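Chemist: Would you mind keeping the following structure in view while I ask a few things?
The values are calculated or read from the model by the stated rules, or taken from the named source; none is laboratory data. All of these numbers come straight from a predicted model, not from anything done at the bench. FYI the Cβ positions are ideal-geometry reconstructions off the backbone, even for glycines, and counts take in every protein chain you see. Quick note on the areas: whole protein, heavy atoms, side chains included, nothing else; ligands and nucleic acids left out. Shrake-Rupley method; radii C 1.70, N 1.55, O 1.52, S 1.80 Å.
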There are 2 protein chains.
Amino acid sequence: MAAAAEPTEGRPAPRRADARRNVAAILNAATECLAKNPDTNMAEIAAAAGVGRMTLYGHFPTRAELVDAVMTRTVAHAQQALDAVDISGDPRQAVARLVAGSWQIVDQFRNVLAAAERELPPDRIRAAHDPVLDRVFALIERGQQSGAFRADLPLPWLTTLALTVMHAAATEVSAGRMTADQAPSIVTSTLLAALTAPADYA
Amino acid sequence: MAAAAEPTEGRPAPRRADARRNVAAILNAATECLAKNPDTNMAEIAAAAGVGRMTLYGHFPTRAELVDAVMTRTVAHAQQALDAVDISGDPRQAVARLVAGSWQIVDQFRNVLAAAERELPPDRIRAAHDPVLDRVFALIERGQQSGAFRADLPLPWLTTLALTVMHAAATEVSAGRMTADQAPSIVTSTLLAALTAPADYA
């Protein structure tokens, strides 16, 4: 029970405040459950949130809607964490720092991403990442303008590529084909190469 | 009713032959329906196949299992088509030819892929592509050995990357952010760059 939402002067809490508390409890519990196991079901999430299943389904009529809300919240969390990453200066080094910072979060919430990939179409996953993709877009655009990155491929494609390569690495780690420690340098090497036309292309 | 499976000498066709015919009709109809619309439902597929819903669910208890079977069959079809692509000679040119040949199929069955991405986890989609990935793996390995491709990134990762980039392009085309005509050259440029360490890295 959050102090800010306590009923005042002995009156019962308004229903809307209850609903807000329930939604917050559900999202916290769902994030924690899905981060441990991407296959956690609705009954387990309701139990972890301390709400009834009717309440859970009242707020999130399908598991896909709940997973979508958890993913959106995780991206918002990532957005805050990435504010601390310096993406000024040399664009190549900025990409390396952004990949390292993003990987911390992608790795921590790798199972939330796996749950999303099982429940939601790729385009929905991309759309939910738009807030963080704006940052990537601006950095690649700056690199293209300074000549550090190739300008012969469309900027939206290179932005999509950054997300795709990062998420592919998360899937490789989940599948045991790559370790979480190897991932940031592999993703950085791959992306920097893709962002730079090969020497014998020039 | 296929002539080859007709009952002989007036005896009723064995049940197993009926089942085979039904499965074939279901897979044909499902492939055609999903290639047009990735959201085609089970009732529509049963109707298109000319079988009852009980028969459909008897063979494919869930839509995910049916989509999985359609995807596996599409990859087998791709496998045959790719036999015609020459991947000998210069590894860079071989990658360009393999991308062009693969794109034909990925584009034709873009909606089957979209249906698979909505129903199945990414690792299952990757596993279903193993037959075509063996080809990609061997080509990248040859390029690494000849020095045409970088050897500082793991071969399984570069193979995954090829599939991931191809499928990301299909999603971009479906989302209207890229045209089907642009895709093969964009995918080729992206992959060849990723397969070659940037000049200032050497």
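Chemist: With every protein chain kept in place and ligands, DNA and RNA left out, what is the accessible area per residue of chain A? Probe 1.4 Å, answer in Å².
Modeler: 48 Å²
Chemist: While we're on this one: Tell me the relative contact order for region B:13-61 as a rounded percent, counting alpha carbon contacts under 8 Å between residues six or more apart.
Modeler: 36 percent
Chemist: Can you give the calculated 222 nm mean residue ellipticity of chain A, where each DSSP H run of n ≥ 4 adds -39,500 (n - 2.57) and the sum is split over every residue, rounded to the nearest 500 deg cm²/dmol?
Modeler: -22500 deg cm²/dmol
Chemist: Now a separate question. Classify region A:14-61 as rounded, prolate or oblate, taking a ≥ b ≥ c as the square roots of the eigenvalues of its Cα gyration tensor: rounded when a/c is under 1.5, otherwise prolate if a/b is larger than b/c and oblate if not.
Modeler: Judged from the Cα gyration tensor, region A:14-61 comes out prolate (a/c at least 1.5, a/b above b/c).
Chemist: Now for a separate question. Per residue of region A:133-145, in order, report the coupling 6.51 cos²θ - 1.76 cosθ + 1.60 (Karplus, θ = phi - 60°) as ³J(HN,Hα) in whole Hz, putting x for Gly and Pro.
Modeler: 5, 4, 5, 5, 4, 5, 5, 5, 4, 4, x, 5, 5
Chemist: Taking the label point 7 Å from Cα in the Cβ direction, how far apart in nm is A:Asn37 from each other copy of itself, listed shortest first?
Modeler: Output for A:Asn37: 3.8 nm, nearest copy listed first.
Chemist: Let me ask something else. Once B and A are treated as a pair rather than alone, how much accessible area drops out, both sides summed, in Å² to 100, probe 1.4 Å?
Modeler: 3000 Å²
Chemist: Ordered by residue, what ³J(HN,Hα) values in Hz, to whole numbers, does region A:42-51 give under the Karplus form 6.51 cos²θ - 1.76 cosθ + 1.60, where θ = phi - 60° and Gly and Pro are x?
Modeler: Coupling constants for region A:42-51: 4, 5, 5, 5, 4, 4, 5, 7, x, 10 Hz.
Chemist: Could you work out how far the C-alpha centroid of region A:47-79 sits from that of region B:67-134, in angstrom?
Modeler: Distance between centres, Cα-based: 35 Å.
Chemist: Separate question: Shortest first, in nm, what separates the label point of A:Val85 from those of the same position in the other copies (7 Å along Cα→Cβ)?
Modeler: 3.2
Chemist: Further question on the same structure: Rounded if a/c is under 1.5, else prolate if a/b is larger than b/c, else oblate: which is region B:33-136, with a ≥ b ≥ c the root eigenvalues of its Cα gyration tensor?
Modeler: It comes out prolate by the Cα gyration axes.
Chemist: With the Cα gyration tensor of the protein assembly as shown giving a ≥ b ≥ c as the square roots of its eigenvalues, does the rule (a/c under 1.5 for rounded; else a/b larger than b/c for prolate; else oblate) give rounded, prolate or oblate?
Modeler: oblate
Chemist: Starting from the amide H of A:Thr196, placed 1.01 Å from N in the peptide plane, find each other amide H under 5 Å away whose residue is 5 or more places distant or on another chain.
Modeler: Under 5 Å from the amide H of A:Thr196: A:Arg150.
Chemist: Moving on. Let me have the relative contact order for chain B, percent, based on Cα pairs under 8 Å that are six or more residues apart.
Modeler: Relative contact order comes out at 19 percent.
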